[in-house]
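The values are calculated or read from the model by the stated rules, or taken from the named source; none is laboratory data. Nothing here was measured: the structure is a model prediction, and the numbers come from that model. Cβ sites come from the backbone with ideal geometry, for glycine too, and all protein chains shown count toward neighbours. For accessibility, only protein heavy atoms count, side chains too; no ligands or nucleic acids. Shrake-Rupley method; radii C 1.70, N 1.55, O 1.52, S 1.80 Å.
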Amino acid sequence: MQNERVSEVTPIIIDKDQPGFIQSDYVGGVIKRSMNYIRAGFPLHLTGAAGTGKTTIAMYLAAQIGRPVILLHGDDEFGTSDLIGGQYGYRRKKMVDNFIHSVLKSEENVSPEWVDNRITVACKYGFTLIYDEFTRSRPEANNVLLAILEERILDLPAARGEGGYLRVSPDFCAIFTSNPEEYAGIHKAQDALKDRMISIKLGHYDRESEVSIVQAKSGISRDEAEKVVNIVRAFRETKKNNLQPSIRSGIMIAKVLSATDSRPRADNTDFVETCMDVLNFDTNGFQNQPEEEVKQRIMDTINRYC
Ligand SMILES: Nc1ncnc2c1ncn2[C@@H]1O[C@H](COP(=O)(O)OP(=O)(O)OP(=O)(O)O)[C@@H](O)[C@H]1O
Ligand SMILES: [Mg+2]
């Protein structure tokens, strides 16, 4: 009889029904294309700037696939063993012999034990792998994915036993997300890895989707959500790509409005200050402009829409 291999990894089960998930025409289109590629057996790669919905859409897709989900977040510190497993554990065998109660004889034996990590568990049991921000891991660490995605074989060190190789379950599927290469802390993905996936490039949401999401996330009225989104979008257009405020800025402003039972009006000082704080932080791209000028631009935008 073969022992079940030790693993600390437990998959998550995501409910198919996700009431908070907004399916606008745009989102519905992305979901349809993604499901087509997954059904055809290809790994899916959602790539785009911060806040373009990559992780949310990946989780929704995984829920629709209906298999348990293994979630992995890319990390610069990862080595291969963080993905597939390694000699982490120790098996301790202890034999205590106190047949004669005044004499205690004990013998202890400690041997290294292979512990499966996330990718191995997903491949073995046919779970859905979401590898979020996979390009934050160094390309060498991700090399193990090449044979998994193409030959559907996981090449494991002989130390694991079972002949080293593991045949990937036919139910296994993989969804990857990544930010553009110009982002801080992002490695360039190997061409060979990208070549094995179908990549969908996501941009910032269209206005209709953005309003629906901001409204759903905050609970403010549609009319108010439109005002907030108009301000954020107008501001976004004036900035360079990876410095643009994302949908998160709109969600933040709207949630503060909701929490303080406040209204988006130009004469509402609290609202104006929230917009200044959310939109005017320096990673948002105005480092070289005087603070007062940026604030004036935000004020002009608020006056235009409120
Ligand atoms: N279809 C959607 N329905 C409801 N909320 C959404 C949807 N898409 C995105 N959101 C919300 O928008 C925000 C940003 O989405 P998400 O975290 O998925 O972006 P991301 O592309 O993964 O960003 P990052 O690159 O920074 O990780 C989140 O608060 C998320 O809940
Ligand atoms: Mg994300």
Give the residues of segment 25-54 that are under 22 Å from LEU146 (Cα atoms) and β-branched (Val, Ile, Thr), sorted by residue number.
ILE38, THR47
Note down all Cβ pairs under 6 Å where the first residue falls in segment 178-200 and is closer than 19 Å to ILE148 by Cα, the second is surrounded by fewer than 12 Cβ atoms within 10 Å (Cβ to Cβ), and they're at least six residues apart or on different chains.
none
Does segment 115-132 include one or more residues that are among the charged types (D, E, K, R), in contact with a Ser or Thr (Cβ under 6 Å, 6 or more places away or on another chain) and farther than 27 Å from PRO245 by Cα?
yes
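Residue by residue, here is whether (1) over 25 Å from PRO19 (Cα atoms); (2) assigned by TED's automatic domain parsing to the domain that holds ILE251; (3) modelled with pLDDT of 95 or more holds:
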{"site": "ALA122", "(1), (2), (3)": "yes, no, yes"}
{"site": "ILE130", "(1), (2), (3)": "no, no, yes"}
{"site": "ILE153", "(1), (2), (3)": "yes, no, no"}
{"site": "GLU162", "(1), (2), (3)": "yes, no, no"}
{"site": "PRO180", "(1), (2), (3)": "yes, no, no"}
{"site": "TYR183", "(1), (2), (3)": "yes, no, no"}
{"site": "MET197", "(1), (2), (3)": "yes, no, yes"}
{"site": "ILE213", "(1), (2), (3)": "no, yes, yes"}
{"site": "SER218", "(1), (2), (3)": "no, yes, yes"}
Give me the residue from segment 285-306 that is at pLDDT 75 or above and open to solvent by less than 40 Å² (accessible area, probe 1.4 Å) and, out of that set, farthest from THR269 (Cα to Cα).
VAL294
Out of all the residues in segment 111-146, which are surrounded by 22 or more Cβ atoms within 10 Å (Cβ to Cβ), part of a helix (DSSP H, G or I) and within 16 Å of ligand 1 (Cβ to nearest atom)?
PHE134, THR135
Go through (1) at pLDDT 95 or above; (2) farther than 22 Å from PRO245 by Cβ; (3) within 16 Å of ligand 2 (Cβ to nearest atom) one by one and return the number of the condition ASN36 breaks.
(3)
